[in-house]
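Working notes for the structure below.
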Amino acid sequence: MKNIVFLSLFLTFLLSAGSALSAERGYRVGDGDVLKVTVYDHPDLTTTARISSSGTILFPLIGQLQVGGMTGEKVAGKISNYLEDGFIVNPQVSVFVEDFRSNKAIINGQVRKPGLYELSGPTALSELISKAGGLGAEAGDTITIKRKISSQGKEEKLLSVSLKSLMGEGNASLDIPIMDGDSVFVARAGIVYVTGQVTKPNAYTMDEKTSVIKAITMAGGFSEFAAKGKVKIIRKVGGSERMLENVSMHMAVLPEDVIVVPESFF
């Protein structure tokens with residue numbers, strides 16, 4: 001639970017410390033966005049235009065220009081190339097998004113308020129989690145993002161983010177920008193059950209590095225009556241339960257394993 005609280009605070013810090021900037025650099029303009037285009041030393045070309053449903057804007061000297069799905073930097077480069085072709089020598093073009101369209105993304109899984117959320121401008125992963133009330137108590141390490149990569153939505157790709165990597169490294173570049181139509185899923189942490197002769201029998205969250213001895217340590221360690229050399233694991237394999245006898249203390253546990261520490265009678 002302490003890790004979840006710390007992670008939520010860390011995500012808040014990332015959000016305020018520059019993740020929004022990272023998102024803005026990756027933002028792709030589209031239908032409904034309002035762009036302000038400025039050409040240095042040519043105020044007559046300053047243009048404010050809303051992108052049409054077909055992804056175009058109308059720009060002086062050029063006419064209809066397809067910009068949908070491009071970053072602001074790419075739009076500026078495209079306009080610059082057109083202007084340089086017979087109109088202006090070495091044009092310096094800047095593009096600023098004055099008004100963002102109402103994009104939406106879905107977040108489900110281990111967040112406090114799963115659902116559909118509007119994205120008001122560039123939105124980083126941490127900001128979407130914040131909009132959803134933060135991480136749930138059983139949030140795991142993996143966040144999966146399903147993203148459409150075709151205009152018809154028939155092709156998709158999956159992105160995976162490790163919250164531990166994001167938190168441990170403090171790398172804001174891992175706080176990726178959320179796009180319109182993204183579906184975000186925060187996985188539930190794996191659970192291991194520790195029972196028998198331990199101080200605090202209970203269910204505990206685990207990761208891929210959790211061993212038998214680590215799980216027992218989380219449960220407060222062995223009781224004075226524990227048969228330390230006869231620890232068992234009840235594991236589900238192919239839909240049925242299997243008993244693993246006298247397991248090694250360094251053996252990795254799997255989600256839903258039940259570690260049984262028997263009593264010593266000698």
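The values are calculated or read from the model by the stated rules, or taken from the named source; none is laboratory data. All values derive from a computational prediction rather than experimental measurement. Note that we place each Cβ from the backbone using ideal geometry, even for glycine, and neighbour counts take in every protein chain shown. Accessible surface is based on the protein model in full, side chains and every heavy atom, while ligands, DNA and RNA are left aside. Shrake-Rupley method; radii C 1.70, N 1.55, O 1.52, S 1.80 Å.
Checked against (1) under 29 Å from Gln110 (Cβ atoms); (2) free of Cβ contacts under 8 Å to residues at least 24 places away in the same chain; (3) not in a strand (DSSP E or B), Pro255 passes all but condition (2). Leu119 satisfies every condition listed in (1) at pLDDT 85 or above; (2) assigned to a strand (DSSP E or B); (3) within 15 Å of the chain's Cα centre (by Cα) except (1).
The set of residues from the stretch 196-210 being of a type outside the set (D, E, K, R) and either without any contact (Cβ under 8 Å) to a residue 40 or more places away in the chain or touching a strand residue (DSSP E or B) at 6+ places or on another chain (Cβ under 6 Å) (or both) comprises Gly196, Gln197, Val198, Thr199, Pro201, Asn202, Ala203, Tyr204, Met206. Residue count for the stretch 104-135 satisfying the condition of being among the small types (Gly, Ala, Ser) and in contact (Cβ under 8 Å) with a residue 60 or more places away in the chain: 7.
Screening Leu174 against (1) closer than 16 Å to Val258 by Cα; (2) touching a Leu at 6+ places or on another chain (Cβ under 6 Å) leaves a single unmet condition, (1). Once the stretch 60-82 is narrowed to residues that are in contact with a helix residue (DSSP H, G or I) (Cβ under 8 Å, 6 or more places away or on another chain) and over 23 Å from Tyr27 (Cβ atoms), the residue that is most open to solvent (accessible area, probe 1.4 Å) is Leu61.
Residue by residue, here is whether (1) within 25 Å of Gly190 (Cβ to Cβ); (2) touching a residue at least 60 places away in the same chain (Cβ under 8 Å) holds:
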| residue | (1), (2) |
| --- | --- |
| Pro91 | no, no |
| Phe96 | no, yes |
| Asp99 | no, yes |
| Leu158 | yes, no |
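Here Val89, Val75 are screened, and the one residue that is assigned to a loop (DSSP other than H, G, I, E, B), modelled with pLDDT of 85 or more and closer than 30 Å to Pro43 by Cβ is Val89. So in the stretch 26-59, with the set limited to residues that are of a type in the set (Ser, Thr, Tyr) and surrounded by 14 or more Cβ atoms within 10 Å (Cβ to Cβ), which one is nearest to the chain's Cα centre (by Cα)? Step by step, filter the stretch 26-59, then rank; the result is Tyr27. Screening the stretch 132-223 for strands (runs of 3 or more DSSP E) wholly inside it with 3 or more residues that are surrounded by 15 or more Cβ atoms within 10 Å (Cβ to Cβ) and over 21 Å from the mean Cα position of the chain (by Cα) returns the ranges 190-196.
Of all residues in the stretch 148-187, those satisfying the criterion of being among the acidic types (Asp, Glu) and either modelled with pLDDT under 80 or on the phi > 0 side of the Ramachandran plot (or both) are Glu155, Glu169.
The set of residues in the stretch 236-254 being within 17 Å of Ile216 (Cβ to Cβ), open to solvent by 60 Å² or more (accessible area, probe 1.4 Å) and under 32 Å from the mean Cα position of the chain (by Cα) consists of His250, Leu254.
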